[in-house]
Amino acid sequence: MNTLILAQGLPIDETLSTYSDLAFRTAFGIYVLALIASLIYYAGFRVAKVSDRELVGAGGPGSTAAGSTGAGLTESTSLTDTGDENRASAGSMRWARIAHLFVIVGFVFQAASLVLRGLATDRFPWGNMYEFILGTTLLAMGAGLIWLRKPALQVVWPYMLVPVLVLLFVGGTHLYSDAAPVVPALRSYWLPIHVSIIALGSGILLVPGVVSIMYLLRVWQPQGRETGWGAALTRPLPAAETLDRLAYRTTVIGFPIFSVGILLGAVWAESAWGRFWGWDPKETASFISWVLYAGYLHARATSGWGPKKAAWINIAGFAVLVFNLFFINIVVSGLHSYAGLN
C-alpha cells in the first residue's frame with residue numbers, strides 16, 4: 001500500500017516519489033553508458049563510403065527515399081545536398097547503434113521519473129529547480145533523438161550527453177528537492193503553460209548551442225587535414241556546412257518557442273506582481289539571451305557576417321541561456337528565487 005505523507009495540508013505519495021528518484025538514477029546511469037558507447041564510436045570513427053543497403057541498416061535513408069549515388073554516399077536534401085550527413089564509420093557503427101539504444105532507454109526512464117514526480121505530488125512537475133532541470137534536459141534529449149538520427153550525426157552524442165549529464169548531476173545533488181507541493185506563488189494555471197514552453201524552447205536550443213561548438217571545431221580543423229593534434233578530435237565531425245545548417249534550422253524552431261515562453265512569463269508577472277517586466281535578474285538574463293539569439297538569426301541570414309561569426313553569437317546566447325535557466329538562482333536573489341533550492 002502506498003504511504004502518504006502530508007505537506008502543507010496536501011498529500012504526497014512517498015512510494016511514487018521513491019520510484020521517481022530510482023528512475024532518475026537509472027536514467028543517469030544509462031546515459032553514462034550511452035556516453036561511453038558514443039565515445040568508443042567517436043574514437044574509432046573512420047570515414048567509409050557506404051551503399052544504400054548499409055545506410056538503411058544504419059538508420060539512414062534508402063535509395064527510394066533520397067536518391068542514390070551508387071556505391072558512394074546517398075544524396076540527401078535534409079541538411080545539405082552533398083549527403084555528408086550520411087557518412088558512416090567503417091567497423092564501429094555497432095557502437096553508434098548501442099549508444100542510440102541507451103539514449104532511448106535513458107530517455108524513457110527520465111520521462112518516467114518526471115511523470116512519477118508529478119503523480120506523487122498531484123501537480124505539474126515544474127515546482128523547483130530539480131524538476132525544471134529534469135524536464136528541460138528530457139526535452140533536449142528528445143530533440144536530439146529527432147535531429148541526430150542520421151549516421152554521421154551520431155558523433156554529436158558525446159557533445160550532447162556531457163552537458164546533459166552535468167546538469168542532471170547538479171540537479172540530482174546540489175539542487176535536489178524532496179517531493180512536496182509548490183510554494184503559494186507558483187500555484188497558478190500559468191505554471192504549466194509558461195514553464196513548459198520555456199523548457200521546450202530551451203531544450204531545443206541546447207542542440208544548436210552544442211552543434212555551433214562543433215562547427216567552430218570543424219572550421220578550425222577542416223576535413224581532409226589529417227595532421228596536427230586536433231585531427232583526431234575533429235576527424236569524425238560532419239562538414240562545416242552540415243553543422244551550420246543543423247544549428248540554424250534547430251534555432252529557427254527553438255527561438256520562437258522560447259520567445260512565446262518569455263511573453264507568457266510577462267503576462268504571468270503582471271497577474272502575480274502587478275507589472276509585466278521589472279528587470280528582475282532572471283528577466284534581464286532572459287532578455288539578453290533573447291537578443292543574442294535574435295542577433296544570431298540576423299547574422300546567419302546576413303551575408304556580411306558569415307557563419308563563423310554567427311556561430312560565436314549562437315554560443316554566447318547558449319551560454320547565457322544555460323546560466324539563466326539553471327544557475328542564476330544560486331548566485332543572485334530575485335523574485336524568481338522561490339523556484340530555486342526548495
Checklist outcome for this item: A correct Karplus calculation of ³J(HN,Hα) over the range 36-43, with 6.51 cos²θ - 1.76 cosθ + 1.60, θ = phi - 60°, whole Hz and x for Gly and Pro, returns 4, 4, 5, 5, 5, 4, 5, 5
Checklist entry - Taking neighbour counts of Cβ atoms within 10 Å as a proxy for exposure, in what order, fewest first, do Leu216, Leu145 appear? => result Leu145, Leu216
Checklist entry - How large is ³J(HN,Hα), in whole Hz, for each residue of the range 304-316 in order, when computed from phi with the Karplus curve 6.51 cos²θ - 1.76 cosθ + 1.60 and θ = phi - 60°, using x for Gly and Pro? => result x, 7, x, x, 5, 5, 4, 4, 4, 5, 4, 5, 4
Item to check | Vicinal HN-Hα couplings computed from phi for the range 245-257 (Karplus, 6.51 cos²θ - 1.76 cosθ + 1.60; Hz; Gly/Pro x) | outcome: 5, 5, 4, 5, 5, 6, 5, 4, 7, x, 5, x, 5
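Here, each number is a calculation from the coordinates, and none is a lab measurement. Everything quoted here is computed from the prediction, not taken from an experiment. Methodologically, a virtual Cβ is constructed for each residue, glycine included, from the backbone with ideal geometry; neighbour enumeration extends over all protein chains shown.
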